[in-house]
Structures are given as structure tokens and as C-alpha cells.
Amino acid sequence: GSVAKLSIAVLVLLICTLSFLFSTTLTGNKGFTGPAEVRINVEQLWESADSGGWRPSSAPRSHWPPPPKESNGYLRVRCNGGLNQQRSAICNAVLAARIMNATLVLPELDANSFWHDDSGFHGIYDVEHFIHSLRYDVRIVESIPEIRKNGKTKKIKAVQMRPGRDAGVDWYTTEALATMKQHGAIYLTPFSHRLAEEIDNPEYQRLRCRVNYHALRFKPHIMKLSESIVEKLRTEGHFMAIHLRFEMDMLAFAGCVDIFTPKERAILQKYRKENFAEKELDPEVRRLMGKCPLTPEEVGLILRAMGFDNSTRIFLAAGELFGGERFMKPFRALFPRLENHSSVDSSEELSTKSQGLLGSAVDYMVCLLADIFMPTYDGPSNFANNLLGHRLYYGFRTTIRPDRKALAPVFIARAKGKKAGFEEAVRRAMLNTNFGGPHERVRPESFYTNSWPECFCQTEAKNPAHKCPPDNVLQVLHNQLESQMTSDLEPQRGNRTSSMER
């Protein structure tokens with residue numbers, strides 16, 4: 001019996017040894033000792049992700065009465081920040097108006113302190129479409145109308161208020177509403193992140209999606225310009241869009257200064273001191289935590305490890321890269337077919353406003369329509385986060401979201417000369433990410449990054465809450481509105497179908 005057990009043990013040991021040697025041969029003797037080498041199907045990534053039977057739908061699924069004839073007053077807001085921070089604020093403003101039964105005054109867009117762009121709502125968005133699309137949800141006016149009192153004509157003066165960050169629905173239904181009823185109008189400023197994202201009311205969340213993905217449409221000439229760029233990029237097939245967030249403000253915010261020259265470090269540290277709260281940040285610790293934006297070279301190395309070759313056409317959405325050509329050269333060596341909106345379209349309008357709201361709007365649309373979108377930093381980046389959510393809603397368009405925390409030790413090891421098994425390790429880290437399909441929203445992921453499942457439905461759903469609404473929902477809402485609203489707010493008879501994809 002002992003001899004038999006010993007023989008079996010030797011046999012098992014021999015099989016394991018041969019298996020290890022065979023595995024090492026298959027992986028090219030790269031020093032990787034895990035399971036068989038993994039591959040990523042690049043061709044599959046050019047297509048949309050698996051929807052799992054879900055489709056976008058932000059239509060109401062329960063009783064949703066139209067705005068009453070009489071509102072409780074007027075709501076003014078000033079949306080601060082860049083284009084996409086303002087976009088989220090506009091969605092919140094519409095929802096706040098609905099919560100308070102207020103008439104929303106067309107939101108004001110703050111002239112961005114970095115871009116010095118005062119285009120305003122009229123200069124970027126299609127105002128008529130915005131008001132018409134939301135006619136079932138809120139009353140919207142372009143300005144507070146004048147009133148006649150004691151024989152005099154004057155405007156209602158809005159009382160300025162400052163909501164707390166992520167204020168709850170109860171603040172709007174108590175403090176804000178009481179002030180509105182007393183004075184007739186309130187002015188909320190600044191209005192960025194001033195309404196809680198997680199609200200336990202699916203209909204309120206769906207309203208946010210109706211605003212974000214249907215009502216907020218860029219002006220026709222911006223849409224035409226964006227579509228023209230996409231057509232030119234597609235002349236030779238697929239293209240990928242990358243949001244390269246390697247700019248001074250984000251690097252200073254992240255505290256990732258160790259890869260720069262002493263002069264560059266001083267610039268970043270000065271910017272941080274002037275613009276952000278004082279805090280001691282260890283660059284190496286930040287990198288290990290996944291808090292540092294990827295460098296252009298790291299982006300190229302990830303794509304190459306995944307299987308993309310140097311013929312891949314890439315559209316870059318980025319501001320002025322900090323460190324300049326020194327950081328771009330390795331990326332361009334790996335992927336020479338790099339474009340941006342100025343290189344694809346050299347029109348005067350885009351060249352003179354490439355760093356303003358117009359350039360950001362065009363970049364947004366091109367990234368939305370790209371076959372693949374990759375953000376290099378989706379932490380506090382409103383541009384990347386909004387696009388991730390929009391592409392999810394747009395039909396589960398493929399996204400590549402590098403797990404910077406998982407990749408950090410891989411890149412650190414490579415920088416120290418340990419290149420054996422590098423590409424294999426990158427692929428393993430990337431296979432654990434989501435490529436754009438439906439997935440549970442887990443903090444700190446934002447509702448604007450992932451509105452599943454509230455703004456999606458299934459035609460064959462086991463859960464009644466997930467079942468798609470009937471096709472006639474628009475007509476039902478239209479009839480409700482027509483029977484309750486005054487004649488001057490009735491929608492045009494010839495345009496009964498909203499542009500909303502419900």
C-alpha cells in the first residue's frame with residue numbers, strides 16, 4: 001500500500017511538472033506562471049456590448065401628470081463649471097423644478113473661468129427643442145416675465161439661495177419652496193452638484209435621463225460639424241475616441257508630480273496651492289491607489305497589449321497636454337494615426353474656439369458616436385463620466401475603462417525593468433473591467449455615468465418594474481397635457497411626436 005501511494009505521488013508530481021513546462025512553452029516563456037495565456041477579441045470590441053435584452057427607455061412607467069396650470073413660482077439657476085458639469089446641473093435644475101412645481105427659467109451657464117467662454121445656453125443648445133421636449137414634465141420660460149402691480153410694470157426679483165452640496169429632496173420641498181412661495185422666485189447659485197444623485201424615486205431619475213439624453217441637444221450647426229468629422233474619420237472604417245486627461249489642472253488635483261521635471265513640478269504644485277485645498281499627497285501612494293491619470297505612453301501600451309495594432313485610427317479629445325511632445329512621442333510611435341477635431345476639420349469657427357464650449361461640444365459628440373471610447377481618467381472628470389453614461393444609453397456602445405489601481409503595480413514593475421509578462425498582466429487586468437454592457441451602479445460611480453436599471457427596460461422582463469412601457473405613452477402624455485394646459489402652452493398640432501426615444 002505504501003509503495004502504491006508513493007507511486008501515485010510521483011506520477012502526480014511528474015504530470016504537474018510536464019504541465020508547467022508545457023504551459024511555459026505556450027506563453028512564450030515570458031515568466032508568467034498563471035493559467036493559460038488570455039486573449040482579447042479586438043474585432044468584437046468594435047461592436048456594441050451585449051445588452052442582455054435591455055434597451056434604453058426613460059418614459060414614465062407610472063402616473064405622471066403634466067405640469068399644473070399654476071406653478072409655485074419661478075426657479076433660476078446658475079450652472080458653474082465646464083460644459084459637462086453644467087450639463088448635469090441642467091438635469092438637476094429640471095428635476096428641482098418638477099419637485100417644487102416651479103416654472104424653470106432657462107438655466108444660466110457660467111462663463112467658465114478657464115475658457116472665458118460666454119456662449120451661454122443659446123449659444124450651445126437648441127433652446128426650442130429643449131423646451132418642447134420637456135413639455136410633459138416642466139414649464140420652461142426664457143426669462144421671468146414682468147408683472148403689473150399697483151399700476152406699475154416690474155420683474156419679480158428672485159431671492160438668492162445657496163443649496164448645500166447634494167441637498168436632498170426635502171430641502172427643495174421645505175426651505176426652497178417656502179421662500180419661493182413667499183417671494184415668487186428663487187435664484188440658486190452656484191448650482192453644481194446641488195441635488196442628491198441617488199433619489200429613491202425611479203420616475204425622478206428617468207426625468208434626469210429625458211433631459212440629459214433627449215432634451216439637451218446641441219445647436220444644429222454643432223451637430224452638423226460633429227457628424228461631418230465622424231464621417232471623415234469613418235472613411236477608412238472603425239475609429240476609436242480617447243479622452244486624454246493629461247492636463248495641468250487634473251495632474252495638480254491628483255497630486256501626480258513625480259514623473260515631471262523639477263520646473264514642471266513647481267508649476268503643478270503652484271497651481272494646486274492656488275486652486276485646491278491644502279493636502280499632503282504622496283505621488284507613489286496616489287499611483288498605487290489608481291488616482292493618477294494614465295500617461296499617453298501607458299494608454300498606448302494598454303491598447304497594444306489588448307491587440308490593437310498601429311493602423312488603428314484614434315480621435316483624441318484633450319485640452320493642452322502638460323509636458324507636451326515629450327509625453328506624446330512614445331504614444332505616437334505606437335499609434336501614428338492620431339487625430340483631433342482641428343486636424344480633421346480646419347474650419348475657422350473650430351480653430352478659433354477649439355478650447356471653448358464649442359470645441360468641447362464637438363469632442364463630446366465625436367466621442368459619443370465613436371465605435372470605441374476610452375477615458376484615461378474617469379475620477380472627477382465630468383466629460384468622461386457623462387460620456388460613459390450617454391454611450392450606455394445610446395445602445396451599450398463599447399467603452400474601455402482601464403482599472404488604474406490594478407494596472408499600477410504592472411506599470412511600476414515595467415518602469416523598474418521587469419518587462420517579462422507585462423502584456424499578459426495588462427490583459428488580465430483589462431478582462432476584469434466592463435466594456436459597456438449593463439452593470440450594477442456601485443459607489444462612487446455616478447448616476448450620470450450609469451443610469452441602469454432606472455432608464456432601461458426589457459420587453460420580456462421577469463420583474464414587472466423592468467418591463468418596457470407601452471408604445472403609446474407619448475400620446476397618453478400628450479392627451480393629458482392638452483386637456484390641462486392653457487392654449488398658449490399647447491404643443492404644435494403638426495408636431496405631436498416628441499424627439500424623445502421613450
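The values are calculated or read from the model by the stated rules, or taken from the named source; none is laboratory data. Being a predicted model, the structure only gives us computed values, none of them experimental. Heads up, the Cβs are rebuilt from the backbone with ideal geometry, glycines too, and the neighbour counts pull from every protein chain shown. Quick note on the areas: whole protein, heavy atoms, side chains included, nothing else; ligands and nucleic acids left out. Shrake-Rupley method; radii C 1.70, N 1.55, O 1.52, S 1.80 Å.
A few remarks follow.
- Normalised per residue, the accessible area of region 229-292 is 57 Å², obtained with a 1.4 Å probe and no contribution from ligands, DNA or RNA.
- Distance between modelled label sites at residue 271 and residue 122, nm, 7 Å Cα→Cβ extension: 3.4 nm
- Pairwise label distance in nanometres, residue 261 with residue 394, each label 7 Å out on the Cα-Cβ vector: 3.8 nm
- Segment residue 419-residue 475, length gained on full extension (0.36 nm per residue, minus Cα span): 14.0 nm
- Kirkwood Rh and Cα Rg combined as Rg/Rh, region 305-461: 0.99
- Residue-wise HN-Hα coupling along region 64-70, computed from phi with Karplus coefficients 6.51, -1.76, 1.60 (Hz; x: Gly, Pro): 9, x, x, x, x, 4, 10
- The separation of region 378-422 from region 88-108, counted between C-alpha centres, amounts to 33 Å.
- Working ranking of peptides 248-258, 76-86 by packing, defined as the average number of other Cβ atoms within 10 Å per residue, highest first, is 76-86, 248-258.
- Amide H contacts of residue 159 (H built 1.01 Å from N, in plane; Pro and chain starts excluded): 185, 186, 187 sit under 5 Å, all sequence-distant by 5 or more or on other chains.
- For Cα extents along the principal axes in Å, calculated from these coordinates, the label among (1) 72, 65, 51; (2) 92, 73, 54; (3) 107, 61, 47: (3)
- If both residues of a DSSP beta bridge must be in the chain, then about 25% of such bridges are antiparallel.
- Packing, taken as the mean count of other beta carbons within 10 Å per residue, orders the peptides 367-376, 214-223 from highest to lowest as 367-376, 214-223.
- Rounded to the nearest Hz, the phi-derived 3J(HN,Hα) couplings of region 466-477 under the Karplus curve 6.51 cos²θ - 1.76 cosθ + 1.60 (θ = phi - 60°) are 9, 6, 5, x, x, 5, 8, 4, 5, 5, 4, 5, where x marks glycine and proline.
- Taking the chain and dividing mean pair separation by its residue count, relative contact order in percent (alpha carbons under 8 Å, at least six apart): 22 percent
- Separation of the residue 325 and residue 183 label points, Cα + 7 Å toward Cβ, nm: 5.6 nm
- Alpha-carbon centroid distance for the pair region 331-347 / region 237-273, whole angstrom: 20 Å
- Straight-line reach from residue 149: taking Cα to Cα under 19 Å and skipping same-chain neighbours fewer than 8 places apart, the aspartates and glutamates in range are 70.
- The calculated 222 nm mean residue ellipticity attributable to helices in the chain amounts to -12000 deg cm²/dmol, summing -39500 (n - 2.57) over DSSP H runs of n ≥ 4 and dividing by all residues.
- Long-range HN-HN contacts of residue 457 with modeled amide H, under 5 Å: 55, 57
- Tensor-based shape of region 192-234 (alpha-carbon gyration tensor, a/c under 1.5 rounded, otherwise prolate or oblate): prolate
- For region 166-195 and region 290-304, distance of Cα centres in Å: 42 Å
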